[in-house]
Number of protein chains: 4
Amino acid sequence: MTTDIKAALRRQRIETPSWAYANSGTRFKVFAQKGVPRDPYEKMADAAQVHHHTGVAPTVALHIPWDKVDDYPALARHARDLGVGIGAINSNVFQDDRYMLGSVTNPDPAVRRKALGHLLECVDIMDQTGSDTLKLWFSDGTNYPGQDDVRARQDRLAEALQVVYDRLGEGQRFLLEYKLFEPAFYMTDVPDWGTAYAHCVRLGPKAQVVVDTGHHAPGTNIEFIVAFLLREGKLGGFDFNSRFYADDDLMVGAADPFQLFRIMYEVVRGGGYGDHVAFMLDQCHNIEPKIPGQIRSVMNVQEATAKALLVDAGALAAAQAEGDVLGANAVFMDAYNTDVRPLLAEMRAETGLDPDPMAAYRRSGYADKIVAERVGGTQAGWGA
Amino acid sequence: MTTDIKAALRRQRIETPSWAYANSGTRFKVFAQKGVPRDPYEKMADAAQVHHHTGVAPTVALHIPWDKVDDYPALARHARDLGVGIGAINSNVFQDDRYMLGSVTNPDPAVRRKALGHLLECVDIMDQTGSDTLKLWFSDGTNYPGQDDVRARQDRLAEALQVVYDRLGEGQRFLLEYKLFEPAFYMTDVPDWGTAYAHCVRLGPKAQVVVDTGHHAPGTNIEFIVAFLLREGKLGGFDFNSRFYADDDLMVGAADPFQLFRIMYEVVRGGGYGDHVAFMLDQCHNIEPKIPGQIRSVMNVQEATAKALLVDAGALAAAQAEGDVLGANAVFMDAYNTDVRPLLAEMRAETGLDPDPMAAYRRSGYADKIVAERVGGTQAGWGA
Amino acid sequence: MTTDIKAALRRQRIETPSWAYANSGTRFKVFAQKGVPRDPYEKMADAAQVHHHTGVAPTVALHIPWDKVDDYPALARHARDLGVGIGAINSNVFQDDRYMLGSVTNPDPAVRRKALGHLLECVDIMDQTGSDTLKLWFSDGTNYPGQDDVRARQDRLAEALQVVYDRLGEGQRFLLEYKLFEPAFYMTDVPDWGTAYAHCVRLGPKAQVVVDTGHHAPGTNIEFIVAFLLREGKLGGFDFNSRFYADDDLMVGAADPFQLFRIMYEVVRGGGYGDHVAFMLDQCHNIEPKIPGQIRSVMNVQEATAKALLVDAGALAAAQAEGDVLGANAVFMDAYNTDVRPLLAEMRAETGLDPDPMAAYRRSGYADKIVAERVGGTQAGWGA
Amino acid sequence: MTTDIKAALRRQRIETPSWAYANSGTRFKVFAQKGVPRDPYEKMADAAQVHHHTGVAPTVALHIPWDKVDDYPALARHARDLGVGIGAINSNVFQDDRYMLGSVTNPDPAVRRKALGHLLECVDIMDQTGSDTLKLWFSDGTNYPGQDDVRARQDRLAEALQVVYDRLGEGQRFLLEYKLFEPAFYMTDVPDWGTAYAHCVRLGPKAQVVVDTGHHAPGTNIEFIVAFLLREGKLGGFDFNSRFYADDDLMVGAADPFQLFRIMYEVVRGGGYGDHVAFMLDQCHNIEPKIPGQIRSVMNVQEATAKALLVDAGALAAAQAEGDVLGANAVFMDAYNTDVRPLLAEMRAETGLDPDPMAAYRRSGYADKIVAERVGGTQAGWGA
């Protein structure tokens, strides 16, 4: 069984986001860190480090326009030379001044057209980079009751989604993201999985829901959503991060490792492991160093996955069938309580990796190198 | 315009629940009150009082088996004689000892059969009473991770719903209720509107979602759900009550009257007012007297409705189209800030009612009468 | 170091509550279980089983009037003969019909006198049983804004607490419990630690705060409160349980084992381990068997404690001093991620216990025995 | 009675914050608005508009270093010439790069010294401007468990507060603000009122707690805190704003006007109206125009205050004493449901103001004037 688990873990693919290597922060302050990339090429180099040491992070998500370049095929080649590939394309319709009252749901049709144009441009970039996934997150919403018409905004949203959907090529899909609040504070236009799901069902198989683990109301049982969407064939992937309060965007697994295990268990249970369900990180390393923050996050996902794979399915099913509450829970917890770090270290060693990616990165000298080399220029951040 | 609003308010129908007249409480204590009904017939008499004084509460929801009688047509006639009718039939699959681990989602097929039998019996009672609505709430869920299989439970739920759906006659429908938690504390099988919606869409037009205003995670924007479900043609009705924390089951409008106004606004805006969307109360009068508690609740819904009808749609649309954030909000708030009590008093007087239902009930002497008359027997409660 | 940790774990004392062995449930249903005790003597016998198999649960908390007996010294002797002792005395001022609007904060002075009388009676029982701790939880509060005067209720609370405080004998203390909501749904009179703390400071050293881990608003950082109260010398103990949503009263450590670890870490860090800070369980085993539920809970506390003791204090302090965010977190997580079950098994074996208390209990046949023997009579529950 | 209420309303003083006139936003985007001030002098001019039209906003809070000027007495004179005065001085120890891991609680003593220096500088500015109030909010906290030592941070906090306290002159005080989270996401060093209270009690009468209405966990009963702090003599004032989710910083009264009424009722009830309790606004006008946003907010506070003053204290006390739940609630709600806008319009007219401040501002042409005049330079924002 351990052999099977190690094999399954070896096959795992965790995508890191280009923006995780850039500066990020809160509305109060963005603390700049030394050695941060100045352009998408340098972001790729940093992402390649994460893959180099973990072996399971072979792709990098782009964020447009933050990662806008003149020559996307060149960027893709650059990435390939570093050992990584381009992953999902993330659209951004929240940073232009005209989006103050929304993008595709804006009451002003001119703004809606502009936003839609951007989304279509992102599909163009998919064509140029070979990316098969478009991630759609809309910051659209309202701050005050009555500010805009809830239903009219849904109509506008549906219209835009249809145009983008129709533009998708063979083998391309989009993932629709939902979020309870922030930056809109009264209502968001896609606040929950139900809204995203209903739109995706109407559109067809190329539209799927993406679950950002930080985008729910307090108390939401996220693994239920995962199980439900898998049953419906509508789970497209994850934006992983963790939170204690709101969309804190901390390292995945840092706030509630047990929840992450439960989520990964439902992925495995529901047949979502190893198929099209994308495991993507989406975090803000506000105070911790970026590359180690990503390595740690990748490892946290691996550990949760290993534990999920360790669950004794037979014993669990037997206890569940008997209505043995404590027995079933004990089988489940036995896997969670197991220390899987030795297993993962072994798996890494078997594939030629250092068993301790954090230590290996530290020893590599890369951190000092980028601090020394990346002098001058403008550091990348959420705005660029 | 005032004339139209009064006409619309006159047409409103708010259903009161039979169990609101019985004793209810918390897990800590059920405080018995004097004069509480001992059987469904006495509950009808109390409900008739609410209608007598408000003029807008002509139906009473039943809860089976709490309102089990030998002769339902006789109960319906009794109600009719008192001036009220039988409303929705509420199933109860949570109080038999065998439902400890669930009803229709129970791992034990024998328990599932029993539960399904009860649901079908409820449809029989609809046939006998002429009720057109079945309300389905499942307390099903689990308390511990791993306790049962999330997905298998969905399969069982879907199977049971299909059987009930197929049994529905011409002009009958069921409303599927969702609830985040309680009495299950890790996972409920229908935790949110999305789950209820997905099942209902799959089943067909006779299956709709019912929104209990106390069944959401903190921070959930309920009026968004209302607007969305109306747009999808899947809003069946409301279980009204209010809450500060969890499913507190306080009088509707008592905790957040502004929220109730926003909900009613979306009902009106989405065309749900005056059609099949059912306005039902579902509350626990733990410490306040039952009948006045229902009268106050009915009046609270009326006041929120009146304010919703007062919103100047033209001015609102104009401000929204211009992106005038403060202007649109001001139009909205102007309606909310209006004191509609005089309008409602006038409307009542015009229809021959006392303008002040609370005072009229107090003066009627009914409260003293039931305390004096209802001596001996066993008071009705959640268990009977 | 392992030797020290095992020694520390051997010294741990976890108190189980008499009511955990009785039936409990939700407002929807109390599912009765076979073999449940019919009186305080049988509860003691069950509690003794938990201590017998775990070795760290030597005392049992009483709840008055649920555990009212004619001869407390006899009950104490009975317990002693079974190998356990009487722990904290828990007052109950929430189940008499007169407490509907509160006990010590009730607007009616006669009700307040009655409640105060009960509290003083509990101190009498302390004298008779040798218990040194009185636990005060007040269900007092209001359901509706305006229902009663917030400040007057504080005055009444302060008055009652003063009388009880003054009645405490040498070596006796009381622990004041706070709770955000339930059964009161608008306001509780002791909603948070700050309120409990302020009253206790005013009263003096014999008044301390007890932290029930299920009594907080969503998102509350409980371990911060623990650290703060320890710094102030005002942490009296814990009522352990766990929750996903509200006061779910699940087995401690079942919902968020990482949180339990963080709490235990702050206890250890703040010098609260091994002194007067009481570790008490307070749970509802609604669907799981009672005695195994308690054994599992005791083991969960032990595992969290073991992990807390494993934290490398020196390495942690060094990383913290350097501002090494990821390094400090890694030291902390290293302890959490360690599988401490072998260590605990070893510790048990060294003290002559079975290394697996759950299996030992199962093999003992006690469960079958009580089902067979406890026939007839009335099972104990929250009401008795 | 109406006369008394109008007199009380005329005496009300609501302080507006200089930063409300500057650009603000979320971490996703700060949308710049035309006509926004470029320096503290222009902020004063805008604040003077709010006072000019409402008559109850005579002071402006400063934020240091955002409002740093060379000559504070000159700024104060400039304000006075415009008809307003300098209010509270708000310290800022969250925007320097060195504060990444905290200010006064930072593990690095050099950073702590720097932060303390800033706080003392703020007291100097109080001396120079004649301000009697220092507002202390610390963004200090940690993002990851184990990152720093919770208790050591409390020690450092206490040390810094003591130094500042000792520096306060005759007639000066500081208000300590608490906040559950953001920008720190695991633990904040002053997360709740209890923490702020405990520090203030230890320090003495010049230290008081300030309640920011957006800084609580979901479900927190803020008016209870208000009542409790008033009873303890420790309520220093409010930072008013409103929220649906987290610290949304919307216009006060916009999200839950009933809550604002309940808060103002407790202020009045507890004797906090008209004494030293400061009513201050602290909001982010991210999408609405700034000056009208402030005017509306001031009016919202006035309306809530008017309703609070309208509560029939005698009738309420009588109903409360009788335990008449619905009666007491009805007295309370009667005040809330009253439309107080005519009363306020009358009061304004009687004091020579336009009865409709929003319309008067609109007509004044000031908005166009500042757009036309404030061309060039750098708009003020949270960073400057």
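The values are calculated or read from the model by the stated rules, or taken from the named source; none is laboratory data. It should be emphasised that the depicted structure is a prediction, and the values quoted were computed from it without experimental measurement. FYI the Cβ positions are ideal-geometry reconstructions off the backbone, even for glycines, and counts take in every protein chain you see. Surface areas here come from the heavy atoms of the whole protein model, side chains and all, with no ligands, DNA or RNA. Shrake-Rupley method; radii C 1.70, N 1.55, O 1.52, S 1.80 Å.
Note down the net charge around C:Gly204, summing +1 for each Lys or Arg and -1 for each Asp or Glu among other residues with Cβ under 14 Å from its Cβ. Spell out each step's value before the answer.
Numbers: positive: C:Arg167, C:Arg173, C:Arg202, C:Lys206, C:Lys234; negative: C:Asp166, C:Glu170, C:Glu232.
With Lys, Arg at +1 and Asp, Glu at -1, the neighbours total +2.
Quick one: check the C-alpha center-to-center distance for segment B:101-180 versus segment A:63-79, whole angstrom.
Computed from Cα coordinates, the inter-centre distance equals 53 Å.
Using a ≥ b ≥ c from the Cα gyration tensor of the protein assembly as shown (square roots of the eigenvalues), is it rounded, prolate or oblate, where a/c under 1.5 gives rounded and otherwise the larger of a/b and b/c decides, a/b for prolate? Before the final figure, lay out the partial values.
Values: a/c = 1.21, a/b = 1.05, b/c = 1.15.
Since a/c stays below 1.5, the shape of the protein assembly as shown is classed as rounded.
Would you work out if chain D is rounded, prolate or oblate? Take a ≥ b ≥ c from the square roots of the eigenvalues of the alpha-carbon gyration tensor; rounded if a/c is under 1.5, else prolate when a/b is larger than b/c, oblate otherwise.
Working: a/c = 1.71, a/b = 1.15, b/c = 1.48.
Since a/c reaches 1.5 but b/c is at least a/b, the shape of chain D is classed as oblate.
Carbon and sulfur together cover what percent of the accessible area of chain C at a 1.4 Å probe radius?
51
Looking only at segment D:133-266, where both bridge partners belong to it, what percent of the DSSP beta bridges are antiparallel (to the nearest 5)?
Working: 3 of 15 bridges.
Restricted to segment D:133-266, the bridges split so that about 20 percent are antiparallel.
Lys and Arg at +1, Asp and Glu at -1: add these up for the other residues within a Cβ distance under 12 Å of A:Ser131 and post the number.
Details: positive: A:Lys135, A:Arg173; negative: A:Glu15, A:Asp67, A:Asp124, A:Asp127, A:Asp132.
Taking every other residue near A:Ser131 into account, the sum is -3.
Provide the net charge surrounding C:Gly233, with neighbours chosen by a C-beta distance below 14 Å and charges set as Lys +1, Arg +1, Asp -1, Glu -1.
On the way: positive: C:Arg173, C:Lys206, C:Arg231, C:Lys234, D:Arg151, D:Arg202; negative: C:Glu232, C:Asp275.
Summing Lys/Arg as +1 and Asp/Glu as -1 gives +4.
Just check segment A:1-82 against the gyration tensor rule for me: Cα atoms, a ≥ b ≥ c as the square roots of the eigenvalues, rounded for a/c under 1.5, and otherwise prolate or oblate depending on whether a/b exceeds b/c. Let's see the in-between values first.
Numbers: a/c = 2.59, a/b = 1.54, b/c = 1.67.
It comes out oblate by the Cα gyration axes.
May I ask which residue of D:Gly233, D:Val190, D:Tyr366 lies farthest towards the positive end of the charge dipole of chain D, with charges of +1 (Lys, Arg) and -1 (Asp, Glu) on Cβ and the Cα centre as origin?
Of D:Gly233, D:Val190, D:Tyr366, it is D:Tyr366.
Can you list the GluC sites (Glu not before Pro) in segment C:69-174 that are in a DSSP coil and have 12 or fewer other beta carbons within 10 angstrom? Walk me through the numbers on the way to the answer.
Working: sites: C:Glu121, C:Glu159, C:Glu170; in loops: C:Glu170.
Sites meeting the loop and neighbour criteria: C:Glu170.
Which percent of Cα pairs goes in each bin when the distances of segment A:109-263 are cut into 5 angstrom slices starting at zero?
2, 9, 17, 20, 20, 16, 11, 5, 1, 0
Which of the trypsin sites (Lys or Arg not before Pro) found in segment D:2-56 are loop residues per DSSP with 14 or fewer other Cβ atoms within 10 Å of their Cβ? It would help to have the intermediate numbers written out before the result.
Values: sites: D:Lys6, D:Arg10, D:Arg11, D:Arg13, D:Arg27, D:Lys29, D:Lys34, D:Arg38, D:Lys43; in loops: D:Arg13, D:Arg27, D:Lys29, D:Lys34, D:Arg38.
Passing sites in segment D:2-56 are D:Arg13, D:Lys34.
For segment B:253-372, take N as its residue count and report Rg(C-alpha) divided by 2.2 N^0.38 Å. Intermediate results must be reported in sequence, preceding the final value.
Values: Rg = 17.2 Å, N = 120, 2.2 N^0.38 = 13.6 Å.
For segment B:253-372, the normalised Cα radius of gyration comes out at 1.27.
Per residue, how large is the accessible surface of segment C:314-384? Use a 1.4 angstrom probe and give square angstrom. Walk me through the intermediate numbers first.
Details: 3330 Å² over 71 residues.
Per-residue value: 47 Å².
Between segment D:3-59 and segment C:203-261, what's the alpha-carbon centroid distance in Å?
With segment D:3-59 and segment C:203-261 each reduced to a Cα centre, they are spaced 41 Å.
Please compare each pair in A:Lys29/A:Lys68; B:Lys290/C:Lys43; C:Lys114/C:Lys206; D:Lys234/D:Lys307 to a cut-off of 27 Å on the Cα-Cα distance and tell me which ones are over it. All intermediate terms of the calculation are to be shown ahead of the outcome.
Details: A:Lys29/A:Lys68 25 Å; B:Lys290/C:Lys43 38 Å; C:Lys114/C:Lys206 23 Å; D:Lys234/D:Lys307 25 Å.
Over 27 Å Cα-Cα: B:Lys290/C:Lys43.
What chymotrypsin sites (Phe, Trp or Tyr not before Pro) does segment D:110-215 have in DSSP loop regions with at most 14 other beta carbons within 10 Å? Mind dumping the intermediate values first?
Working: sites: D:Trp137, D:Phe138, D:Tyr165, D:Phe174, D:Tyr178, D:Phe181, D:Phe185, D:Tyr186, D:Trp193, D:Tyr197; in loops: D:Trp137, D:Phe138, D:Tyr178, D:Phe181, D:Phe185, D:Tyr186.
Loop-located and lightly packed - none at all.
Total Å² of accessible surface buried at the C-D contact, 1.4 Å probe, nearest 100? Kindly include the intermediate steps, with their values, before the conclusion.
On the way: alone 16890 and 16860 Å², together 29370 Å².
Summing both chains' loss of accessible area gives about 4400 Å².
Counting helices only, and only those DSSP H runs with n ≥ 4, report the 222 nm mean residue ellipticity of the protein assembly as shown as the sum of -39,500 (n - 2.57) divided by its residues, in deg cm²/dmol to the nearest 500.
On the way: 56 runs with 712 residues, N = 1536.
Value at 222 nm, helices only: -14500 deg cm²/dmol.
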